[in-house]
Amino acid sequence: MVDKNPITPEGATRLRDELQNRKTVERPAITLLIAEARAHGDLSENAEYHAARERQGFNEARIKDLEDKLARAEVIDPTKLAGDKVAFGATVKLLNTDTNEEVSYRILGADEADINSGSISITAPMARSLLGREVGDEVKVRTPSGERVYEILDVDYGAPGGSNGK
């Protein structure tokens, strides 16, 4: 069975845009580079030709990867979800019970996760520990530096960083 790839509508649009660009802009540009390099003669010692072929290989591999991700995409619009249980698309505000530090994470698909912007992959240990839990629950998370305990303060399915009326 093929694994589904949960993704937000914005994430799916970004992947489709990249795929379109790689097929309609990058691919023809690389073809021109290869043709130019071929015109320079001996291909065995032609660095431009080898670089263009390498770039072509990378581009074609990325196209296949994007097509696969989009074929397996399960587009989920978090703004249409509500409730106090943590699920895909939720922004979860947590309190580290040891340090009293508050942190927020938005749980997204692997292709959208970016810890620097406050989003984590649904497959990350932190996200897996939070899924299905509710506001007020304490969650133990194993990290490389040891076990941490967090209390779930808020679950929000509105726009990132926003509130959905709770």
- request: Select, from Ala39, Ala73, Ala47, Ala61, the only residue that is at pLDDT below 95, closer than 30 Å to Ala113 by Cα and of a type in the set (Gly, Ala, Ser).
  value: Ala73
- request: Residue by residue through the stretch 130-154, note down the ones that are closer than 25 Å to Gly83 by Cα and small (Gly, Ala, Ser).
  value: Gly132, Gly136
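Filter the stretch 38-73 down to residues that are farther than 25 Å from Arg22 by Cβ and either open to solvent by less than 80 Å² (accessible area, probe 1.4 Å) or in a helix (DSSP H, G or I) (or both), then give me how many there are. Full working, then the answer.
Of the stretch 38-73, the ones farther than 25 Å from Arg22 by Cβ are 40-42, 44-45.
Narrowing the set further to residues that are either open to solvent by less than 80 Å² (accessible area, probe 1.4 Å) or in a helix (DSSP H, G or I) (or both) leaves 41, 44-45.
Residues flagged as farther than 25 Å from Arg22 by Cβ and either open to solvent by less than 80 Å² (accessible area, probe 1.4 Å) or in a helix (DSSP H, G or I) (or both) within the stretch 38-73 amount to 3.
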- request: For Thr123, state whether it is β-branched (Val, Ile, Thr) and part of a helix (DSSP H, G or I).
  value: no
statement: Taking first residues from the stretch 132-155 that are over 21 Å from Gly89 (Cβ atoms) and β-branched (Val, Ile, Thr) and second residues anywhere that are assigned to a strand (DSSP E or B) and open to solvent by less than 60 Å² (accessible area, probe 1.4 Å), the pairs with Cβ under 8 Å that are 6 or more apart or on different chains are Val149/Asn96; Val149/Val139; Val149/Val141
- line: The residue that is nearest to the chain's Cα centre (by Cα), considering only those in the stretch 96-121 that are touching a residue at least 40 places away in the same chain (Cβ under 8 Å) and open to solvent by 80 Å² or more (accessible area, probe 1.4 Å), is Glu102
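Can you tell me which residues in the stretch 82-95 are of a type in the set (Val, Ile, Thr) and either closer than 16 Å to Glu112 by Cβ or open to solvent by 30 Å² or more (accessible area, probe 1.4 Å) (or both)?
Thr91, Val92
When the stretch 3-25 is examined, which residues are found to be in a helix (DSSP H, G or I) and open to solvent by 50 Å² or more (accessible area, probe 1.4 Å)? First the steps, then the outcome.
Within the stretch 3-25, the subset in a helix (DSSP H, G or I) is 9-25.
Result: Glu10, Thr13, Arg14, Arg16, Asp17, Glu18, Gln20, Asn21, Lys23, Thr24, Val25.
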query: Of the residues that make up the stretch 74-81, is at least one open to solvent by 80 Å² or more (accessible area, probe 1.4 Å), more than 30 Å from Arg133 (Cα to Cα) and either without any contact (Cβ under 8 Å) to a residue 12 or more places away in the chain or within 19 Å of the chain's Cα centre (by Cα) (or both)?
result: no
statement: Within the stretch 143-166, restricting to residues that are in a loop (DSSP other than H, G, I, E, B) and small (Gly, Ala, Ser), the one that is modelled with the highest pLDDT is Ser145
field: The one condition in (1) surrounded by fewer than 16 Cβ atoms within 10 Å (Cβ to Cβ); (2) more than 22 Å from the chain's Cα centre (by Cα) that Pro125 fails to fulfil
entry: (2)
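The values are calculated or read from the model by the stated rules, or taken from the named source; none is laboratory data. All figures in this text were calculated on a predicted structure; none of them were measured in a lab. Glycine also receives a Cβ, built like all others from the backbone with ideal geometry; neighbour counts cover every protein chain displayed. Quick note on the areas: whole protein, heavy atoms, side chains included, nothing else; ligands and nucleic acids left out. Shrake-Rupley method; radii C 1.70, N 1.55, O 1.52, S 1.80 Å.
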